[in-house]
Amino acid sequence: MEIKEIINKKQLREFVTLPLKLYKEDSFYASPLIKDQIEHLTAKNPFFKRAKAKFYIAYKDGKPAGRIAAIVNYAHLEYHKDNVGFFGLFECINDQAVANALFNKAKEFLKENNLSIMRGPMNLSTNEECGFLYEGFDCPSMIMIPYNPPYYNSLAESYGMKKAKDLYCFLADVPEMLPSKIERIAQFAEKQGIMARTVKLKNLTEELYAFMEVYNEAWASNWGFIPITKEEIDYMAEKLKPIALPELVIVAEKEGKPVGFFGAIPDFNEVLRKIKGRLTPWAIIKALYYRRKIQSIRLLLFGVKKEMRHKGVESIMLREAFKGARKYGFKKVEFSWILEDNFDTINLTQIINARRYKTLRIYETDIV
């Protein structure tokens with residue numbers, strides 16, 4: 001067995017495409033677009049203005065058998081002051097020796113940077129995909145929600161990792177009508193001067209600045225939170241613009257200032273599973289065909305400023321987004337991910353009878 005650090009573009013492509021081999025026979029796996037994923041792991045991603053990472057591939061008998069990223073997130077260290085480093089982008093055959101070698105390599109890099117805890121997986125931070133799928137293997141994951149075989153958890157636990165935090169995903173049918181309670185509370189919010197509007201896609205970057213303002217205040221005390229920067233919002237807007245629907249991105253305002261943000265996107269994993277990460281001419285035709293058949297949406301961005309919680313902001317945004325979901329004929333909505341101890345948001349999902357159907361688990365271990 002051999003572990004190699006990624007040092008050139010050819011190796012980076014091998015790193016990014018390795019999952020296509022591991023999941024070749026798995027119909028639930030949805031590969032990100034290869035070109036986008038390669039770019040995401042370079043300096044073009046503003047994440048690396050506040051972080052650094054090394055990427056490794058494990059070879060067994062000369063063949064790629066696994067991969068891992070070791071991440072030093074300076075923004076996290078500055079905010080939390082907890083001496084935590086991260087691993088992420090983990091993929092591996094069902095072989096404990098290979099997994100141990102990858103975990104050891106990541107831990108070695110973090111130790112060189114004087115960190116005392118290794119936590120993950122983070123791909124690349126809590127503002128992106130994170131956690132191993134722990135429960136809910138009977139159906140595919142939605143867009144930007146991790147998917148992996150069950151044995152990944154065994155590999156982590158056998159290495160000596162312990163649970164750090166669980167993240168929940170809730171699924172609900174898009175109802176014919178919203179519960180009267182939501183309409184009643186939304187009307188109350190309107191009487192208090194709160195209004196909700198859909199965004200204009202041509203101004204999506206500026207609209208997402210409203211999300212940044214809400215998110216950086218609303219989530220400030222949440223576990224694992226890292227403030228988002230304007231550069232990261234610009235990068236996010238570029239990625240979301242081709243797939244966002246304005247009727248599903250809602251800003252709540254009072255006196256012209258943002259107080260809440262709701263952003264749902266169609267589950268493009270339904271398309272990605274068909275094109276296997278490659279935008280060939282034939283894949284583009286397939287993508288255009290299947291995007292019209294997307295059945296589900298995922299609530300990706302959601303937050304309400306602290307002083308405006310329990311004043312109807314949540315309900316007025318839900319009401320407006322519901323109109324968009326019905327307009328496009330979506331059947332399912334996923335609320336994810338939600339921290340296991342974020343009871344206010346969990347309770348909100350119960351208003352429309354959502355059920356917890358997936359659990360993601362983040363692990364950690366001491367660096368010794």
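The values are calculated or read from the model by the stated rules, or taken from the named source; none is laboratory data. Everything numeric here is computed off the predicted structure, so don't read it as measured data. Here the Cβ positions follow ideal geometry from the backbone for every residue, glycine too, while neighbour counts run over all protein chains shown. Heads up: the accessible areas ignore ligands, DNA and RNA and are worked out on the full protein's heavy atoms, side chains in. Shrake-Rupley method; radii C 1.70, N 1.55, O 1.52, S 1.80 Å.
Test Ala244 against the criterion of being within 20 Å of Glu128 (Cβ to Cβ), small (Gly, Ala, Ser), in contact with a Gly (Cβ under 9 Å, 6 or more places away or on another chain) and crowded, with 18+ Cβ neighbours inside 10 Å, and give yes or no.
Yes; evaluated as a whole, the condition is true for this residue.
Could you go through the range 94-116 and let me know if any residue there is in contact with a Pro (Cβ under 9 Å, 6 or more places away or on another chain) and at pLDDT 95 or above.
yes
Among the listed residues Arg361, Arg356, identify the single one that is in contact (Cβ under 8 Å) with a residue 40 or more places away in the chain, over 22 Å from Ser27 (Cα atoms), in contact with a Ser or Thr (Cβ under 9 Å, 6 or more places away or on another chain) and not in a loop (DSSP other than H, G, I, E, B).
None of the other options fit; the residue is Arg356.
Considering every residue within the range 91-103, establish whether at least one is part of a loop (DSSP other than H, G, I, E, B), among the polar types (S, T, N, Q), in the same structural domain as Asn73 (by the TED database) and under 16 Å from Tyr74 (Cβ atoms).
no
Would you pick out the residues in the range 21-35 that are loosely packed, with under 15 Cβ neighbours inside 10 Å and either at pLDDT 95 or above or under 27 Å from Gly136 (Cα atoms) (or both)?
Lys21, Lys24, Glu25, Asp26, Ser27
Mind listing just one residue for me: the one in the range 164-206 that is among the small types (Gly, Ala, Ser) and buried (at least 19 other Cβ atoms within 10 Å of the Cβ) and, of those, nearest to His80 (Cα to Cα)?
It comes out as Ala196.
Could you tell me which of the residues Arg309, Arg361 is within 21 Å of the chain's Cα centre (by Cα), more than 22 Å from Leu245 (Cβ to Cβ), surrounded by 15 or more Cβ atoms within 10 Å (Cβ to Cβ) and not small (Gly, Ala, Ser)?
Arg361
Is it fair to say Leu110 is over 18 Å from the mean Cα position of the chain (by Cα), crowded, with 16+ Cβ neighbours inside 10 Å, touching a residue at least 60 places away in the same chain (Cβ under 8 Å) and in a loop (DSSP other than H, G, I, E, B)?
Taking the combined requirement at face value, the residue does not satisfy it.
If we keep just the residues of the range 207-226 that are touching a residue at least 12 places away in the same chain (Cβ under 8 Å) and open to solvent by 40 Å² or more (accessible area, probe 1.4 Å), which is nearest to Asp82 (Cα to Cα)?
Per the criteria, the residue is Trp223.
Examine the range 212-229 for a residue that is more than 23 Å from the chain's Cα centre (by Cα), of a type outside the set (A, V, I, L, M, F, W, C), assigned by the TED database to the domain that holds Ile294 and assigned to a loop (DSSP other than H, G, I, E, B), and state whether such a residue exists.
No, the range 212-229 has no match at all.
Does Arg278 meet the test of being modelled with pLDDT under 90, of a type in the set (D, E, K, R), surrounded by fewer than 20 Cβ atoms within 10 Å (Cβ to Cβ) and outside the structural domain of Asn123 (by the TED database)?
Considered against the rule, which asks whether it is modelled with pLDDT under 90, of a type in the set (D, E, K, R), surrounded by fewer than 20 Cβ atoms within 10 Å (Cβ to Cβ) and outside the structural domain of Asn123 (by the TED database), Arg278 comes out as yes.
Please verify whether the range 46-56 includes one or more residues that are in the same structural domain as Tyr151 (by the TED database), under 30 Å from Val271 (Cα atoms) and without any contact (Cβ under 8 Å) to a residue 40 or more places away in the chain.
The answer is yes; a qualifying residue exists.
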